[in-house]
2 protein chains.
Amino acid sequence: MTEHLVAHIKKFISLDAEKIRLLESFFEQRTYRKKEVLLSEGDRCYEKFFIVSGCVHLSYLKQNGIEQTTDFALENWWISDFMAFQNGSVAQFSIRAVEKTEVLCISADRQRKLLDLMPELNAYFHLVFQRAFAASQFRFRLLSEFSKEDLYRHFKQHFPEFLQRVPQYLLASFLGFTPEYLSEIRKKHLS
Amino acid sequence: MTEHLVAHIKKFISLDAEKIRLLESFFEQRTYRKKEVLLSEGDRCYEKFFIVSGCVHLSYLKQNGIEQTTDFALENWWISDFMAFQNGSVAQFSIRAVEKTEVLCISADRQRKLLDLMPELNAYFHLVFQRAFAASQFRFRLLSEFSKEDLYRHFKQHFPEFLQRVPQYLLASFLGFTPEYLSEIRKKHLS
């Protein structure tokens, strides 16, 4: 599995064979079944995950007990509750597999050791997080610019495969729809 | 001005006197008057800014010609259109001073040279962007959890000084209110 991560890192920085072996020794490979939990809201967050294959969603429990999805992560994305990961504090989000998902996992402690041995990985993470934050800037723009229906249209146009892949109730939650409303909009866009 | 940036970096990584002089030589100091533009939507984005003092807002023009504010940056924050900065492409946001603002500015080209000479700065930017992205994760949670009025209450409780500092029309735009609605809510919360 680690070859996926190595290939992703090599898009940003160079790595020789020795560094690759060192890097690989720091990650744990895990496979989660559909709906299995990677991180539970309320638990201490020690780990971050690189998605090798599959898809996960980030969510939290609303006061009314409904699970609200705020993000997804697909292949080649990193996911965690990054505030809790950085501070070693209690997670304010859960992470759950949308489908069978293979990940590489590293704890904050092991990452510190890895970055001591391979400080050049900071250049990779600098760019990864800059890009993630840039995507957030753009998402805040979309949220203020588009109606919910226009957001659905935008997703359908730009991420058609993603829309096929994610269960409708999760997509509805992410877009702030009721499942019924999403179903109505889908029918409208199909007809 | 550079002592502010040096102090901020030193919270994350160590820097000796020689490195500090090198670092300082890469930044340009600028002062913007209230409402002056740091970056214009539609222009190519070459620069990112470290706020030494003051406050700026990030905004874009909606189709109806109204300026929509999507973010603010205060002292010790980095701001740019980071997608455009990373790709050297056209900015999809403007950045404007809310009040008199002192910044340290670096272009993408100069940053590349600086990071070649001082790769350890990547560790600083890794943590800065991880934290910024973590704050975005939390903001998406707030946006889905709270009504607009509750968002105002949340900001008032957690960032009272910020609320005093920012003009009401910008705060209204950021929260998705009309200025009139914000004015009503403020009266309600004062009474």
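Summary of values
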{"item": "Complete set of residues in region B:140-186 that are more than 20 Å from B:Ile66 (Cβ to Cβ) and either basic (Lys, Arg) or in contact with a strand residue (DSSP E or B) (Cβ under 9 Å, 6 or more places away or on another chain) (or both)", "result": "B:Phe140, B:Arg141, B:Ser144, B:Glu145, B:Arg153, B:Lys156, B:Phe162, B:Arg165, B:Arg186"}
{"item": "Any hit, region B:46-61, residues being within 26 Å of B:Arg139 (Cα to Cα), among the polar types (S, T, N, Q), outside the structural domain of B:Phe174 (by TED's automatic domain parsing) and not in a helix (DSSP H, G or I)", "result": "yes"}
{"item": "Filtered residues of region B:146-191 (kept if hydrophobic (A, V, I, L, M, F, W, C) and touching a Lys or Arg at 6+ places or on another chain (Cβ under 7 Å))", "result": "B:Leu163, B:Leu175, B:Phe177"}
{"item": "Number of the exception - B:Glu120 against (1) assigned by TED's automatic domain parsing to the domain that holds B:Gly88; (2) in contact with a Leu (Cβ under 8 Å, 6 or more places away or on another chain)", "result": "(2)"}
{"item": "Residue count, region A:109-136 (criterion: touching a residue at least 12 places away in the same chain (Cβ under 8 Å), open to solvent by 10 Å² or more (accessible area, probe 1.4 Å) and touching a helix residue (DSSP H, G or I) at 6+ places or on another chain (Cβ under 6 Å))", "result": "2"}
{"item": "Per-region count, region A:29-49, residues within 18 Å of A:Leu170 (Cα to Cα) and either within 14 Å of chain B (Cβ to nearest Cβ) or touching a Pro at 6+ places or on another chain (Cβ under 9 Å) (or both)", "result": "2"}
{"item": "Pairs with Cβ under 7 Å, 6+ apart, first in region A:37-58 and touching a residue at least 40 places away in the same chain (Cβ under 8 Å) and closer than 13 Å to A:Met83 by Cα, second in a strand (DSSP E or B) and small (Gly, Ala, Ser)", "result": "A:Glu41/A:Ser94; A:Tyr46/A:Ser107; A:Glu47/A:Ser107"}
{"item": "Restricting region A:84-101 to residues that are surrounded by fewer than 20 Cβ atoms within 10 Å (Cβ to Cβ) and at the interface with chain B (Cβ under 8 Å from one of its Cβ atoms), the residue that is farthest from A:Phe49 (Cα to Cα)", "result": "A:Gln92"}
{"item": "Selected residue [small (Gly, Ala, Ser) and either surrounded by 12 or more Cβ atoms within 10 Å (Cβ to Cβ) or in contact with a Cys (Cβ under 8 Å, 6 or more places away or on another chain) (or both)] from B:Ser25, B:Ser14, B:Ser40", "result": "B:Ser40"}
{"item": "Positions within region B:76-90 being farther than 17 Å from B:Glu36 by Cα and assigned to a loop (DSSP other than H, G, I, E, B), in sequence order", "result": "B:Asn76, B:Trp77, B:Gly88, B:Ser89"}
{"item": "Number of the exception - B:Phe146 against (1) farther than 21 Å from B:Phe12 by Cβ; (2) more than 14 Å from chain A (Cβ to nearest Cβ)", "result": "(2)"}
{"item": "Selection count where residues are within 14 Å of another protein chain (Cβ to nearest Cβ), of a type outside the set (Gly, Ala, Ser) and surrounded by 15 or more Cβ atoms within 10 Å (Cβ to Cβ), scope region A:50-82", "result": "15"}
{"item": "Answer residue from region A:1-10, given it is open to solvent by 70 Å² or more (accessible area, probe 1.4 Å) and within 24 Å of A:Arg112 (Cβ to Cβ) and is farthest from the chain's Cα centre (by Cα) among those", "result": "A:Lys10"}
{"item": "Subset of region B:144-191 that is more than 23 Å from the chain's Cα centre (by Cα) and open to solvent by 80 Å² or more (accessible area, probe 1.4 Å) - its residue that is farthest from A:Glu145 (Cα to Cα)", "result": "B:Ser191"}
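The values are calculated or read from the model by the stated rules, or taken from the named source; none is laboratory data. Everything numeric in this text was worked out from a predicted model, so none of it was measured. As a convention, Cβ positions derive from the backbone with ideal geometry for all residues, glycine included, and neighbour counts pool all protein chains shown. The protein model used for the area step is the full one, side chains on, heavy atoms only, and it has no ligands, DNA or RNA in it. Shrake-Rupley method; radii C 1.70, N 1.55, O 1.52, S 1.80 Å.
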